[in-house]
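Written out below as structure tokens is the structure these notes cover.
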Amino acid sequence: MQGDLLALRNLFADAPVPPQPWMVQRLWLIPALPMVASGIISLLKQPRRRLAAGLAIGSLTFSLLLSLFALGNMLDELDAFLGFQHTFHVSFSDPVPREVVNFTWIQVGTANVDLGWVLDPLSAVMLVMVSFVGLLIFIYSIGYMEHDENFTRFFCFMSLFAGAMLGVVIANSVLLLFMCWELVGLTSYLLIGYWYRKPAAAAAAKKAFLTTRVGDVLFLLGMVWLFSQSGTLLFYNHGAGSIEPAALAGLLSQHAALGLTAAGAIGLLIFAGAAGKSGQFPLHVWLPDAMEGPTPVSALIHAATMVAAGVYLIARVYPLMAAGALMQPGALTGGTTTALTVVTWVGAFTAVFAALIAVAQNDIKRILAYSTVSQLGYMMAGLGMGGVAVGMFHLITHAFFKALLFLGAGSVIHGCHDEQDIRRLGGLRADMPLTFVTYAIGMLALCGFPLVFSGFWSKDGILDAALHWNVAKAPFYMLLFGALLTAFYMTRQVGYVFFGYWRGGKPARESPAVMTAPLAILAFFAMALGLIGTPAWPWFRGFLEGRTVGFDLNGFKEPDLAALMGASALVVFLGLGLGAWLYGGNAPKPEEPDVLERATPTVWGWLRDRLYVDEIYGATVIAFYAWWARVADWLDRRLWGGVVAGVGWAFGLWARLNRLLDIYWVDGGFDKGCEELAAAGGLLARVQNGRVQTYLRILALAVVVLALMLIWSSRS
Amino acid sequence: MSFAFYLVAGLTLAGGLAAVLLKNTVHCALALTVAFAGLALLFLQLDAQFAGFAQILVYIGAVAILIVFAILLTKGSETPKDGVFSRSWLAGLAVAAAVFAILGWAVLQSAHVLPHEMAVPQVTVLQIGNALMGRYVLPLEIVALLLTAATIGAVIVAMHEKEGRK
Amino acid sequence: MTPLTAYLLVAALLFAIGLAGALTRRNAILVLIGIELMLNSANLNLIAFWRYGPHPEALTGMMFAIFSIAVAAAEAAVGLGLVIHIHRHAHTTDLDKMNRMKG
């Protein structure tokens, strides 16, 4: 297996590799600049707020400019216009222009630990989206976090997050991806628990980290398996990468458990990691709690970017997920494999599940959080059924309007003196007009209001793919129902917040320009982005697949398209109408129950309590862990504690024994010895009795002895 | 051996025995004198006339007198209460017997290599005087020094100490 | 036995007698008496060897004996002086009682 890969690699190595474009070689700057800025900010003292914000915004601006330049590199038209020679490397099996820079970091025996980055259409659009939305949110944060004393720390973490997210986007090596993935998780933890003194925030941060960890463990498993099977950490490596056709062929020939191929099993494991990060059922429980963090954090991390990282991951390893299905070469539309089927079902289920819960929530951010979970389900379903372009288009549009909605919610919270319960808001249409207009645009984009808003086109792309999915039709109906629910709960929310009368305490005020300007920019894009994904001009899809597309109104003439557009428009109007009818006029007072609550209190109760998923976890997993902790504690105190106490007792005994030995044997022996010596000395001293005659006798005796010796020696 | 030899030897030995065995110290000193006389006779028998007369002059005439004086000065004539022999006299006797055994055995063993009858030497006092002043002048002078030192020493040692130096 | 052997034996016996006396009598003066006997026996030895040895004309034996007599006299004088001195302090000449050098 390894030998084949090496042979293939050598084959490709002989092909001349054109010199890399300038931007590709410096692509690493895009994530590095915000990370460096974060490092510098971490060394600053708290009062240096302007410098911190300036560093963060400046570095991200640079990253945005570089990302735009990278995107520009990918555009044939732009190159032709500017007169550049397009030198992107295009392999014979894959028409998507893609450049990689790989290098070996460590060599362990014969295995190489490689890192590298890739610039292709997928990463280019993601880079631009992340840096642009991130920049707008950074600017917004200057206003939102103005009264917070830990302003500097906020920008340090945000900058680090931005760098890590950009790192995830450009990573060509599974290891680099995982490192940045974990870093993103870490910054999410730090930012959710930003107000760490609040117990709910600390608990939410911990919950987020642990839940995504469950996914990450499976992700790591999948990664290691991929590495061991394909022999390389790199995704793309001129034909020798782990998701390039040669390696995929090898993976498909291997069989794992449950009738899966190795490719399928690895794909499912990687999807587990994506499910954790992107809040798919059942690992979605952390996302609503993550709203404890500041609103810019919710907007950037938990709406636009980090949760989108899971979707991006699936898009990145799509060749692996789709391996084995019937594919046209170069097309990023999928056939169906087991992995993609699982992705689709999980996504569709999550979409409906979260939308249902969102209907009964009363916290302005929590509604948006469940909405995010639901839309992520849409994206996953879109990937599973329609391929990379479908899922990614919805991801891009969703990033803009969800960020817009969150920032709008933040503006509302900021203007209403930190009130987050929608039952205590109302009538803000008059008090906060700019916020209302931008929020309405975002809300309509999310609902998928026909034609003018980007959400309509992206969601329709998913619905279109669902309609033509040849495995089952159920996801289509589920997603359609989800669209109905989406329109309904968003209208409910807008009705509560912006219509009716003011139910709060102090009067509300509009937010400053530094906050409303990003809202306006995002609103513009929430509408304009639809243009690149219409069937008349599917530029986005073509860009990702490496084709050039022209404007062709005949695209509208596809058979089921008109019916589909009509059906989805109908559903949206139905939802909007229902919501307006129930909540448009006079929203109830805070003490009164909701209209639907009065109608179906039990169902409403289930939905409000989030369908008891957290409670199920608490009763099963967490209860098990608590029990296990008790067992371990008992073991520790009784068993090991007993052992330790026993050892201590034994040592005490030994010490006492030693003491006795010492007193009686050692000391006694020593003392006895000394006494004996003294006695012997006393005995010998008797020789010196002081009497002369004794000495004389001894002298004479000695002479006799000497004489004897002399005689004896002379004789022998 | 002639009868005279046995007589004189017996006399000498008897005198010696008496000198160490008698209780009264003065008697011991007088017995010693007899022993000295016997030895002088033995010297004469051995044709060492000068040595014999020197023996009589010095030993009997000076040393024996000196011993008597010392006995009298130290009240030696009184018989001590515990007896004249030391408590462990047997050990001393044993050692002395051992010494005699060795000496006697050595003499008897080497009897066959010892020379015997030789010519009688003719020794005149002149020869002795010449030898003293010639060959043996150094020992003579040393002995003179020794005698001087001994005299002075004996006087100092035996002198009464001055009062106040107790 | 040869005359020489007889004389030597007499000398040895006299020596042993003198040694016995020196080692067993209590009185210090008798120790000195024993020493004198021993010296005399040595002199007898010397003269006997002179008479019966080679080269009696060299007078070696006689000279040795004469010097021995002189030294013995000096030694007797000093020794007795010491005894007198000790007697003045200890008021006894009993050697058994003189053990201040003990230990």
* Using 0.36 nm per residue, how much length does the chain from A:GLU676 to A:ALA520 gain when fully extended, once their Cα-Cα distance is taken away? -> 45.5 nm
* From the cross-link list A:LYS45/A:LYS365; A:LYS198/A:LYS277; A:LYS207/A:LYS365; A:LYS206/A:LYS277; B:LYS23/C:LYS97, which pairs have alpha carbons spaced over 21 Å apart? -> A:LYS45/A:LYS365; A:LYS198/A:LYS277
* Asked: Among A:ALA520, A:LEU383, A:LEU29, whose Cα lies farthest out toward the positive end of the dipole of the protein assembly as shown, if unit charges sit on the beta carbon of Lys, Arg (+1) and Asp, Glu (-1)?
  -> A:LEU29
* Structure fact -> Sites removed, the longest contiguous part of chain A containing no DSSP-loop chymotrypsin sites (Phe, Trp or Tyr not before Pro) with at most 11 other Cβ within 10 Å is A:93-500
* Structure fact -> For the range B:121-166, the Cα gyration tensor yields equivalent-ellipsoid semi-axes (√(5λ), largest first, whole Å) of 39, 10, 5
* Lys and Arg at +1, Asp and Glu at -1: add these up for the other residues within a Cβ distance under 11 Å of A:ALA445 and post the number. => +2
* May I have the convex hull volume per residue, in Å³, for the Cα set of the range C:3-90? => 60
* **Net charge of neighbours whose Cβ lies under 14 Å from the Cβ of A:GLY575, counting Lys and Arg as +1 and Asp and Glu as -1** => +2
* Restrict the search to the range A:165-228; then list the trypsin sites (Lys or Arg not before Pro) that DSSP places in a loop and that have at most 14 other Cβ atoms within 10 Å of their Cβ. => A:ARG197
* Asked: Summing -39500 (n - 2.57) over the DSSP H runs of n ≥ 4 in chain A and dividing by its residue number, what mean residue ellipticity at 222 nm do you reach, to the nearest 500 deg cm²/dmol?
  -> -22000 deg cm²/dmol
* Relative to the longest principal axis of the C-alpha atoms of chain C, give the angle of the C-alpha long axis of helix C:28-52, reported between 0 and 90° and rounded to the nearest 10°. => 10
* **FRET efficiency, B:VAL120 to B:THR151 (Cβ-Cβ, R0 51 Å, nearest 0.05)** => 0.85
* Structure fact -> Percent antiparallel among DSSP beta bridges confined to the protein assembly as shown, nearest 5, equals 100
* Per residue, what volume in Å³ does the convex hull of the Cα atoms of the range A:387-471 enclose? -> 115
* Asked: Along the charge dipole of chain A, Cβ charges K/R +1 and D/E -1, which of A:ALA262, A:TYR318, A:ILE698 sits furthest on the positive end?
  -> A:ILE698
* To do: In whole Å, largest first, what are the principal axis extents of the Cα atoms in the range A:220-368?
  => 52, 28, 27
* For chain A, what is the charge dipole size about the Cα centre, in debye to the nearest 20, if Lys and Arg each add +1 at the Cβ and Asp and Glu each add -1 at the Cβ? -> 2100
* the range A:94-145: D in µm²/s via Stokes-Einstein (Kirkwood Rh, Cα pairs, 4 °C, 1.567 mPa s)? -> 92
* Structure fact -> From DSSP H assignment alone, runs of 4+ in chain B each adding -39500 (n - 2.57), the sum over residues rounded to the nearest 500 puts [θ] at 222 nm at -21500 deg cm²/dmol
* **Size-normalised alpha-carbon gyration radius of the range B:14-122, reference 2.2 N^0.38 Å** => 1.37
* Asked: Which cross-chain or sequence-distant (5 or more) residues have an amide H under 5 Å from the amide H of A:ARG503, H modelled 1.01 Å from N in plane?
  -> A:LEU425, A:GLY426
* Within 10 Å of each Cβ in peptide A:710-716, how many partner chain Cβ atoms are there on average? Round it to a whole number, please. => 1
* To do: Work out the length of the dipole vector of the range B:82-166 about its Cα centre, built from +1 on the beta-carbon of each Lys and Arg and -1 on the beta-carbon of each Asp and Glu, and round it to the nearest 20 debye.
  => 240
* To do: Please state, to two decimals, what the Cα-based radius of gyration of chain A comes to when divided by 2.2 N^0.38 Å (N = residues).
  => 1.39
* To do: Identify, among A:ILE367, B:LEU32, A:TRP712, the residue whose Cα sits farthest towards the positive end of the charge dipole of the protein assembly as shown, taking +1 on the Cβ of Lys and Arg and -1 on the Cβ of Asp and Glu, with the dipole about the Cα centre.
  => B:LEU32
* **Given chain A, longest segment not containing exposed loop GluC sites (Glu not before Pro) (DSSP; at most 11 other Cβ within 10 Å)** => A:150-590
* Place a +1 charge on the Cβ of each Lys and Arg in the range B:15-166 and a -1 charge on the Cβ of each Asp and Glu, then give the dipole magnitude about the Cα centre in debye, rounded to the nearest 20. => 500
* Karplus-derived 3J(HN,Hα), 6.51/-1.76/1.60, for each residue of the range C:75-90, Hz, glycine and proline x -> 5, 4, 4, 5, x, 5, x, 4, 4, 4, 4, 5, 4, 5, 8, 8
* Surrounding net charge for A:PHE481, when Lys and Arg each add one and Asp and Glu each subtract one, Cβ distance under 15 Å -> +2
* Structure fact -> The longest stretch of chain C containing none of the trypsin sites (Lys or Arg not before Pro) that sit in a DSSP loop with at most 14 other Cβ atoms within 10 Å is C:1-99
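Values in this text are rule-based calculations from the coordinates and carry no lab data. Remember, it's a predicted structure, so these values are computed and weren't measured experimentally. Note that each Cβ is placed from the backbone with ideal geometry, even for glycine, and that neighbours are counted across all protein chains shown.
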